[in-house]
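Trainee: One structure follows; several queries about it will come next.
The values are calculated or read from the model by the stated rules, or taken from the named source; none is laboratory data. Note that the coordinates shown come from a computational prediction; the quantities given were computed from them, not determined experimentally. Here the Cβ positions follow ideal geometry from the backbone for every residue, glycine too, while neighbour counts run over all protein chains shown.
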Amino acid sequence: MNIFGITPSALSEYFISKGENPAKAALVFDAIYRKKATSFYDIGFSERVTEMLQKDFDFSLPQIIEKLDSNDTAKLLLRLTDGEYVETVLMRQKFGNCICVSTQVGCAMGCRFCQSGRLKKRRNLFTHEIVGQLMAIQKEFDVKVTGVSVMGIGEPFDNFDNVKRFCEILTAPKGLEIGEKHITVSTCGLVDGIRRYAELPHPCNLAISLHAPDDELRSELMPINKKYPLSELISAAEYFSLTANRRVTLEYIMLSGINDLPGHAQQLADLIGKRNFYVNIIPYNPTDADCFQKSSRERIMAFYDILKKNGIGVTMRREFGSELKAACGQLSAEQTK
Ligand code: SAH
């Protein structure tokens, strides 16, 4: 088994099943995530326990095939043991090092503006392959990751259990100890997944890729909307915000002439109403298939102003990594084409 796929509770159970004190799990977390151990030899366990761990777990990380680094953004192309590829991105920001991790090889959601969807889903990533992206970044760039967006390739709630374990490992005390509020899981709108996520004891943040304020347009842009229309999506998002007592981010890519008109902004404000949501306006990153165009600055500002006037919280995402093809929606593991 790969050690990077083991949650604290699973590791405690492992020790119990071996007749050992489950408190050893915290020592292992401390060693691998804080002291950067790459074997069990220096933890100070008895020879018998050390050998048992050495036999049962390995420390392998995805192999780095390509590394791109420019200013504040870096990207790794990683090869998994079965020869599949994924990408992961590091954004060096003033307030910390944030990464954007992938959760699947390809994606089944088929959003029309997204590069990842063009690859079709090949498989889910295992927990250790998602944690492995973070470990590979920390090791390769000698940084401590302080924030995580689950916004790379794939739909996280189409791989729920592995994403849940990933969050448990990241937030574990004595381990990486990244706070729940510094981890954001972004979904295209799998309503069942949102509700399940809301009911976790300690969910991380939630972002929803909304991109349209009405069903007709949203179904055109994002096929998932035919299965889970806006009314269901909004009520699931509200359920999360009330259950977890957290503000939900609605991501909104600005596509010129498609969803960026003043009427759309007003519709969006009406849709949100008084709910505990805010809108993150994202500039569109043209991808190879290019059937959309970026909105002008004026359009974006007008859209922003209408939301503000309606009392809606709004932020604008800085564009990271477009020169590395590492911007939102551009991750694609080009090797697999
Ligand atoms: N499947 C998840 C997470 C991956 S996509 C989701 O849909 O949320 C991460 C974010 O990038 C989503 O908001 C997605 O809609 C957005 N995105 C996809 N293609 C993009 C593009 N070309 N330009 C800007 N953002 C894009």
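Trainee: Taking interchain pairs and intrachain pairs at least six residues apart, which have beta carbon atoms under 6 angstrom, with the first residue in segment 114-131 and without any contact (Cβ under 8 Å) to a residue 40 or more places away in the chain and the second assigned to a strand (DSSP E or B) and within 11 Å of the ligand (Cβ to nearest atom)?
Mentor: Between residues of segment 114-131 that are without any contact (Cβ under 8 Å) to a residue 40 or more places away in the chain and residues that are assigned to a strand (DSSP E or B) and within 11 Å of the ligand (Cβ to nearest atom), the close pairs are K121/Q104; N124/Q104.
Trainee: Hey, another quick one. Six or more apart or on different chains, Cβ atoms under 6 Å: show the pairs whose first residue is in segment 296-318 and in contact (Cβ under 8 Å) with a residue 24 or more places away in the chain and whose second is aromatic (F, W, Y) and surrounded by 15 or more Cβ atoms within 10 Å (Cβ to Cβ).
Mentor: G313/Y278; V314/Y304
Each row is one residue, and each column tells you yes or no for (1) among the β-branched types (V, I, T); (2) assigned to a helix (DSSP H, G or I).
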| position | (1), (2) |
| --- | --- |
| I208 | yes, no |
| E220 | no, yes |
| Y239 | no, yes |
| N245 | no, no |
| I253 | yes, no |
| L268 | no, yes |
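Trainee: Starting from segment 144-155, take each residue that is in the same structural domain as F166 (by TED's automatic domain parsing) and near the ligand (Cβ under 7 Å from one of its atoms) and list its partners that are charged (D, E, K, R) and assigned to a loop (DSSP other than H, G, I, E, B), counting only C-beta distances under 9 angstrom and pairs at least six apart or across chains.
Mentor: Sorted first by the residue in segment 144-155, then by its partner, the pairs are G154/K121; E155/K121.
Trainee: So, in segment 25-47, of the ones that are assigned to a helix (DSSP H, G or I) and surrounded by fewer than 19 Cβ atoms within 10 Å (Cβ to Cβ), which residue ends up nearest to the chain's Cα centre (by Cα)?
Mentor: R34
Trainee: Here's something else I'd like to know. Hey, among the residues in segment 184-200 that are within 17 Å of F277 (Cα to Cα) and among the aliphatic types (A, V, I, L, M), which one's nearest to the ligand (Cβ to nearest atom)?
Mentor: V185
Trainee: Look through E66, E13, E20 and report the one residue that is without any contact (Cβ under 8 Å) to a residue 40 or more places away in the chain, acidic (D, E) and assigned to a helix (DSSP H, G or I).
Mentor: Numbers: E66 fails: assigned to a helix (DSSP H, G or I); E20 fails: assigned to a helix (DSSP H, G or I).
Going through E66, E13, E20 in turn, just one is without any contact (Cβ under 8 Å) to a residue 40 or more places away in the chain, acidic (D, E) and assigned to a helix (DSSP H, G or I): E13.
Trainee: Moving on to the next point. I'm checking my understanding of the structure. Among residues of segment 173-183 that are in contact (Cβ under 8 Å) with a residue 40 or more places away in the chain and surrounded by 20 or more Cβ atoms within 10 Å (Cβ to Cβ), which one is farthest from the ligand (Cβ to nearest atom)?
Mentor: It comes out as G175.
Trainee: Where in segment 96-203 are there helices (runs of 4 or more DSSP H), lying fully within it, with 1 or more residues that are over 30 Å from A31 (Cα atoms)?
Mentor: 191-198
Trainee: Restricting to segment 255-266, give me the number of residues that are more than 11 Å from L307 (Cβ to Cβ) and part of a helix (DSSP H, G or I). Give the derivation first.
Mentor: Initially, segment 255-266 is screened for residues more than 11 Å from L307 (Cβ to Cβ), giving 255-261, 263.
From what is left, the residues that are part of a helix (DSSP H, G or I) are 263.
Number satisfying all stated conditions: 1.
Trainee: Same structure again: The conditions are (1) away from the ligand (no atom under 15 Å from the Cβ); (2) in contact (Cβ under 8 Å) with a residue 60 or more places away in the chain; (3) not aliphatic (A, V, I, L, M), and D161 fails exactly one of them. Which is it?
Mentor: Of everything listed in (1) away from the ligand (no atom under 15 Å from the Cβ); (2) in contact (Cβ under 8 Å) with a residue 60 or more places away in the chain; (3) not aliphatic (A, V, I, L, M), D161 misses just condition (2).
Trainee: Specify the residue that is nearest to the chain's Cα centre (by Cα); the eligible residues are those in segment 276-299 that are among the aliphatic types (A, V, I, L, M) and closer than 17 Å to T249 by Cβ. First the steps, then the outcome.
Mentor: Residues of segment 276-299 that are among the aliphatic types (A, V, I, L, M), as a first pass: 279, 281-282, 289.
Subsequent filtering for residues that are closer than 17 Å to T249 by Cβ retains 279, 281-282.
Numbers: V279: 17, I281: 17, I282: 16 Å.
Out of the qualifying residues, it is I282.
Trainee: Let me ask something else about it. Please go through segment 48-60 and give me each residue that is crowded, with 17+ Cβ neighbours inside 10 Å and in a helix (DSSP H, G or I), ordered by number.
Mentor: V49, M52, L53
Trainee: Here is a further query. Can you name the residue in segment 244-261 that is closer than 20 Å to C111 by Cβ and among the charged types (D, E, K, R) and is also surrounded by the fewest Cβ atoms within 10 Å (Cβ to Cβ) among such residues?
Mentor: E251
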